């Protein structure tokens, strides 16, 4: 089923499928954090260019290099500012991801090429994110480039990969540190503990460019603004509140849940079934997974709102790489088929309304876009002004940043004490803190739309 002779055909087929997904979703509004990183950052540079430097206004500045927003603004200046242009701007990046996955397959699974690329494509963490206009896609590309560069000893790939990751986000740079530690730890020609004997010149050639440019940006940012990641009035400041020892333990368990979520438990069961062989597999990728876990845990566990699914996608990629090696060693097509089907089925896992879900890391959220458009049409038919309808993140944002269309009305942040209408959806995790039954018990349903487990309901609150 996955013979190496068909690898190029499988790669080509997946590229065509990826293009089809973009075509189907090319008019989707920006979703979750892409509202900020694509809609707001891109619009700022589109409107003002670099006249105010490479820094963003405080209310949309989260400390990360705004390279992705600037990239989008350049694309818009050439091809026009629209959702369609934005989605297709991701296509070369997605093809690059699939190509690097294809080349990693050739290196790690020469007899069963296409195992890893197939697992990656159906993985909800990737598939759900691949229809978004997101800087995390560039981080994924940089991660695969740098990892492949380390494995095949091609320094230029490492340099490009680290540069891509570091230019997108602080988390991308942290992932680059994990790559560097893995590079040092798995090279038997020296010991990572004897730092004075490390190949410093080689390390500078591979890693210095990306890390140095990020350091210069952060220094420039701090010198100019006096802060790095967040300031007291930033809307994301509550996510950085400390959780204490008990909260840190809970967050560790949340990470484990995140890793096993959306069908990935099938991959981890394969890994656990042959856990004693994992350290012996080619290039000992388990060490990269360990470095990534430790670094990402340090960055997220102490805080209240940072244990998000997409943050751990690099660990999932390594798990898929190791899983592809084990499935190749099993050499049982029926087992591979079961794992692929189970992983793909994870794209349709939807939890009860009371449980928050990482919607930007699963394709399950895809019906939301058409439902939102239909709900807007219903409101127009019922002569309900959307500007007077309260709702939650991500739909509370200005329509100019959601859809790049100033002519369409925007919703407002919900306030159940004053709003007459509330637009609810189960993809809005803000509503999870309020029991739906009690919150809306004194309201009437104006209309409800539902598709593949995604719901949008407009409520009219009674006096």
(message) Quick test for you: out of 99, 107, pick the one residue that is more than 30 Å from residue 43 (Cβ to Cβ) and under 20 Å from the mean Cα position of the chain (by Cα).
(response) 99
(message) Among (1) under 21 Å from residue 313 (Cβ atoms); (2) in contact with a helix residue (DSSP H, G or I) (Cβ under 6 Å, 6 or more places away or on another chain), there is one condition residue 70 misses while meeting the rest; what is its number?
(response) (1)
(request) Can you run down the residue pairs with Cβ atoms below 9 Å, 6 or more apart or on separate chains, where the first is in the range 106-121 and on the phi < 0 side of the Ramachandran plot and in the same structural domain as residue 321 (by TED's automatic domain parsing) and the partner is modelled with pLDDT of 85 or more and outside any helix (DSSP H, G or I)? (result) 108/285; 121/130
(request) Take the range 84-93 and flag every residue that is crowded, with 17+ Cβ neighbours inside 10 Å and without any contact (Cβ under 8 Å) to a residue 12 or more places away in the chain. (result) 85
(message) For the list (1) part of a loop (DSSP other than H, G, I, E, B); (2) touching a residue at least 40 places away in the same chain (Cβ under 8 Å), I need the number of the one condition that residue 37 fails.
(response) (1)
(request) Please work out if residue 99 is assigned to a helix (DSSP H, G or I) and without any contact (Cβ under 8 Å) to a residue 60 or more places away in the chain. (result) no
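Conditions tested, residue by residue: (1) under 22 Å from the mean Cα position of the chain (by Cα); (2) surrounded by fewer than 15 Cβ atoms within 10 Å (Cβ to Cβ); (3) at pLDDT 90 or above.
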position: 43; (1), (2), (3): yes, no, yes
position: 51; (1), (2), (3): no, yes, no
position: 54; (1), (2), (3): no, yes, no
position: 64; (1), (2), (3): yes, no, no
position: 78; (1), (2), (3): no, yes, yes
position: 82; (1), (2), (3): yes, no, yes
(message) Can you tell me how many residues within the range 111-157 are outside any helix (DSSP H, G or I) and in contact with a helix residue (DSSP H, G or I) (Cβ under 9 Å, 6 or more places away or on another chain)?
(response) 13
(message) Checking residue 108 against (1) surrounded by fewer than 24 Cβ atoms within 10 Å (Cβ to Cβ); (2) over 26 Å from residue 258 (Cβ atoms), only one condition comes out false. Which one?
(response) (2)
(request) Could you please find all residues in the range 199-230 being modelled with pLDDT under 85 and part of a helix (DSSP H, G or I)? (result) 200, 201, 202, 203, 204, 225
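Results for (1) surrounded by fewer than 24 Cβ atoms within 10 Å (Cβ to Cβ); (2) under 14 Å from residue 321 (Cα atoms); (3) not assigned by TED's automatic domain parsing to the domain that holds residue 18, shown as yes or no for each residue.
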residue: 95; (1), (2), (3): yes, no, no
residue: 104; (1), (2), (3): yes, yes, no
residue: 142; (1), (2), (3): no, no, no
residue: 151; (1), (2), (3): yes, yes, no
residue: 157; (1), (2), (3): yes, no, no
residue: 160; (1), (2), (3): yes, no, no
residue: 166; (1), (2), (3): no, no, no
(request) Please name all residue pairs, on different chains or six or more residues apart, with Cβ atoms under 8 Å, provided the first residue is in the range 252-269 and is in contact (Cβ under 8 Å) with a residue 40 or more places away in the chain and the second residue is assigned to a loop (DSSP other than H, G, I, E, B) and surrounded by fewer than 16 Cβ atoms within 10 Å (Cβ to Cβ). (result) 261/349; 262/349; 263/349
(request) Please state which one of 327, 306 is touching a residue at least 12 places away in the same chain (Cβ under 8 Å), over 20 Å from residue 144 (Cα atoms), in the same structural domain as residue 151 (by TED's automatic domain parsing) and crowded, with 22+ Cβ neighbours inside 10 Å. (result) 327
(message) Looking at (1) in a helix (DSSP H, G or I); (2) under 27 Å from residue 310 (Cβ atoms), which one does residue 32 not meet, given that it meets all the others?
(response) (1)
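The values are calculated or read from the model by the stated rules, or taken from the named source; none is laboratory data. Please read all numbers here as calculations on a predicted model, not as lab measurements. Don't worry about glycine lacking a Cβ; one is built from the backbone with ideal geometry, like all the others, and counts go over all protein chains shown.
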